[in-house]
1. As an exercise: evaluate Ala10 against (1) open to solvent by less than 40 Å² (accessible area, probe 1.4 Å); (2) in contact (Cβ under 8 Å) with a residue 40 or more places away in the chain; (3) among the aliphatic types (A, V, I, L, M) and give the number of the one condition it does not meet.
2. In region 48-67, is there at least one residue being in contact with a Phe, Trp or Tyr (Cβ under 6 Å, 6 or more places away or on another chain) and not small (Gly, Ala, Ser)?
3. Does Glu57 satisfy the condition of being at negative phi, in contact with a helix residue (DSSP H, G or I) (Cβ under 6 Å, 6 or more places away or on another chain), in a helix (DSSP H, G or I) and open to solvent by 30 Å² or more (accessible area, probe 1.4 Å)?
4. Need pairs with beta-carbon distance below 9 Å; first residue touching a residue at least 40 places away in the same chain (Cβ under 8 Å) and within region 19-32, second open to solvent by less than 40 Å² (accessible area, probe 1.4 Å); sequence gap 6+ or separate chains.
5. Name the single residue that is farthest from the chain's Cα centre (by Cα) among those in region 30-52 being surrounded by 14 or more Cβ atoms within 10 Å (Cβ to Cβ) and within 23 Å of Ala66 (Cα to Cα).
Amino acid sequence: MITTRIDTTAKNLVRLLDALDLHTEDFAALAGIHRATAFRWIGAQAPVPVSVIRMLELMLEKKEKAA
């Protein structure tokens with residue numbers, strides 16, 4: 001069985017947001033979450049869901065392919 005670990009740390013979230021040029025408020029609107037939730041994830045006060053990281057990774061892949 002192959003398992004892949006997805007980095008759900010706040011540091012990785014910030015890295016992805018920076019790479020996508022997304023501000024916290026824009027990210028919150030895109031993800032359909034309250035901005036306070038986004039700030040909690042970024043501040044490592046709450047765990048970042050795998051689905052959120054994966055969504056941002058896919059967005060970054062698409063951005064890189066378009067460049």
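1. For Ala10, the failing item is (2).
2. Within region 48-67, the first condition is being in contact with a Phe, Trp or Tyr (Cβ under 6 Å, 6 or more places away or on another chain), and the residues that meet it are 48.
Then drop every residue that is not not small (Gly, Ala, Ser), which leaves 48.
Yes, there is a match, as at least one residue in region 48-67 is in contact with a Phe, Trp or Tyr (Cβ under 6 Å, 6 or more places away or on another chain) and not small (Gly, Ala, Ser).
3. Details: at negative phi: yes; in contact with a helix residue (DSSP H, G or I) (Cβ under 6 Å, 6 or more places away or on another chain): no; in a helix (DSSP H, G or I): yes; open to solvent by 30 Å² or more (accessible area, probe 1.4 Å): yes.
Considered against the rule, which asks whether it is at negative phi, in contact with a helix residue (DSSP H, G or I) (Cβ under 6 Å, 6 or more places away or on another chain), in a helix (DSSP H, G or I) and open to solvent by 30 Å² or more (accessible area, probe 1.4 Å), Glu57 comes out as no.
4. Close Cβ pairs satisfying both conditions: Ala19/Leu56; Ala19/Leu60; Leu20/Phe27; Leu20/Leu56; Leu20/Leu60.
5. Top of the filtered list is Leu30.
The values are calculated or read from the model by the stated rules, or taken from the named source; none is laboratory data. Remember, predicted model here, so these are calculated numbers, not experimental data. Ideal geometry is used to build each Cβ from the backbone, glycine not excepted, and the neighbour counts take in all protein chains shown. The protein model used for the area step is the full one, side chains on, heavy atoms only, and it has no ligands, DNA or RNA in it. Shrake-Rupley method; radii C 1.70, N 1.55, O 1.52, S 1.80 Å.
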